[in-house]
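Novice: First the structure, which I've put down as structure tokens, then a few questions once you've had a look.
The values are calculated or read from the model by the stated rules, or taken from the named source; none is laboratory data. In this text the structure is predicted, and so the values were computed from the model without any measurement. In this analysis, Cβ positions are derived from the backbone assuming ideal geometry, glycine residues included, and neighbour counts consider all displayed protein chains. The accessibility values were calculated without ligands, DNA or RNA, using every heavy atom of the protein model including side chains. Shrake-Rupley method; radii C 1.70, N 1.55, O 1.52, S 1.80 Å.
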Amino acid sequence: MRGTLLAVLLIATFAALPPARPAAALTPVSVDSTQFAVFENEVPVATERCMYNHMGDSLVVVATTQRTFVDEQGTRHPLRKSMMLVVDAHDMGLIRYLSTQDFNGHQIVRGLIPSDTSMAYFIELDGGGNADQVVQPPGRLFVMDSQMFSLFDVLSRSLANKTFTTRRVQLLALQTDSLAAPLATVTALGADTLVIGRSKQVVKHYAFEDASARFEMWSDRQGQLVRLVHAESGLRVERVAAPAPRKPPAAKQPSSGAPH
């Protein structure tokens with residue numbers, strides 16, 4: 001196996017998760033929604049929609065994506081994928097995660113439920129599977145799950161208002177049939193300027209890497225992911241600029257003449 005970050009980049013998976021508390025007990029308040037466009041070698045291949053909602057002291061992140069893979073014979077293989085991630089609203093620490101994938105006529109469900117010193121990891125294929133209790137790595141945990149680029153957005157937001165040169169990040173990488181826990185390094189590369197929509201925006205530039213792969217990330221002042229690049233594979237993910245709000249129609253001026 002070549003490594004965790006690159007393996008997760010190239011493997012497909014799908015997600016959905018129950019809230020941390022009964023839905024009837026809390027009224028979700030939408031924080032923001034966003035959309036990412038995914039390109040491979042400058043060809044658009046997918047669109048991912050993501051929404052953040054507060055549920056008490058938890059933050060629930062829901063994302064969905066659809067794309068179609070084409071094999072060497074030209075046969076099309078549609079993929080539908082979505083996820084729901086629950087994190088602590090204060091430090092973005094993982095509370096639970098569930099992923100589900102529909103691809104090639106099969107459904108794969110994966111889940112993570114951390115506790116104090118251990119965590120439950122389960123995987124199901126078409127309704128059958130197993131669960132394992134594994135040792136939980138120390139510190140805050142960040143999930144990496146292929147095709148779900150909103151997970152990079154979660155990581156990016158955790159870096160907002162942080163001053164550092166390099167810092168270590170504990171990942172939980174969901175791979176084809178296993179769970180890996182690599183340590184990655186985030187390096188702050190300083191300020192940069194990108195064209196977002198029709199305007200230029202000053203952003204923060206980061207390198208995010210482990211021994212197997214290197215990504216470059218650009219984030220705005222709130223920590224929202226603006227661009228993600230994996231140069232080796234030709235992958236580029238761009239935040240889609242929100243459309244400008246429509247101006248209300250101008251009020252009609254009353255006629256100066258007498259009515260006929």
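Novice: Among the residues of region 159-189 satisfying the criterion of being at pLDDT 95 or above and of a type in the set (G, A, S), which is farthest from S99 (Cα to Cα)?
Specialist: A188
Novice: Given the conditions (1) buried (at least 16 other Cβ atoms within 10 Å of the Cβ); (2) on the phi < 0 side of the Ramachandran plot, which single one is not true for P138?
Specialist: (1)
Novice: Run down V143, V154 and say which single residue is in a helix (DSSP H, G or I), under 25 Å from H54 (Cβ atoms) and either open to solvent by 20 Å² or more (accessible area, probe 1.4 Å) or in contact with a strand residue (DSSP E or B) (Cβ under 9 Å, 6 or more places away or on another chain) (or both).
Specialist: V154 is the lone residue from the list that is in a helix (DSSP H, G or I), under 25 Å from H54 (Cβ atoms) and either open to solvent by 20 Å² or more (accessible area, probe 1.4 Å) or in contact with a strand residue (DSSP E or B) (Cβ under 9 Å, 6 or more places away or on another chain) (or both).
Novice: Is one or more of the residues making up region 78-100 basic (K, R) and open to solvent by less than 20 Å² (accessible area, probe 1.4 Å)?
Specialist: As a first pass, look at region 78-100 and keep what is basic (K, R): 80-81, 96.
Now restrict to residues that are open to solvent by less than 20 Å² (accessible area, probe 1.4 Å): 81.
Yes, some residue in region 78-100 is basic (K, R) and open to solvent by less than 20 Å² (accessible area, probe 1.4 Å).
Novice: Would you please list the contacts, defined by Cβ atoms under 9 Å and residues six or more apart or on different chains, that run from a residue in region 188-202 that is on the phi > 0 side of the Ramachandran plot to a residue that is small (G, A, S) and open to solvent by 80 Å² or more (accessible area, probe 1.4 Å)?
Specialist: Taking only residues 6 or more apart or on different chains, the pairs are G197/A242; G197/A244.
Novice: Just a yes or no: is a residue in region 217-227 over 23 Å from E48 (Cβ atoms) and of a type outside the set (S, T, Y)?
Specialist: No, region 217-227 contains no residue that is over 23 Å from E48 (Cβ atoms) and of a type outside the set (S, T, Y).
Novice: For region 95-138, give me the residue count where each residue is of a type in the set (G, A, S), assigned to a strand (DSSP E or B) and either in contact (Cβ under 8 Å) with a residue 40 or more places away in the chain or within 24 Å of Q170 (Cβ to Cβ) (or both).
Specialist: 5
Novice: Which one of these does G223 not meet: (1) open to solvent by less than 10 Å² (accessible area, probe 1.4 Å); (2) modelled with pLDDT under 95; (3) not in a loop (DSSP other than H, G, I, E, B)?
Specialist: Here G223 meets the rest and fails (3).
Novice: Which condition from (1) small (G, A, S); (2) open to solvent by 20 Å² or more (accessible area, probe 1.4 Å); (3) in a strand (DSSP E or B) is the one that A184 breaks?
Specialist: The number of the failed condition is (2).
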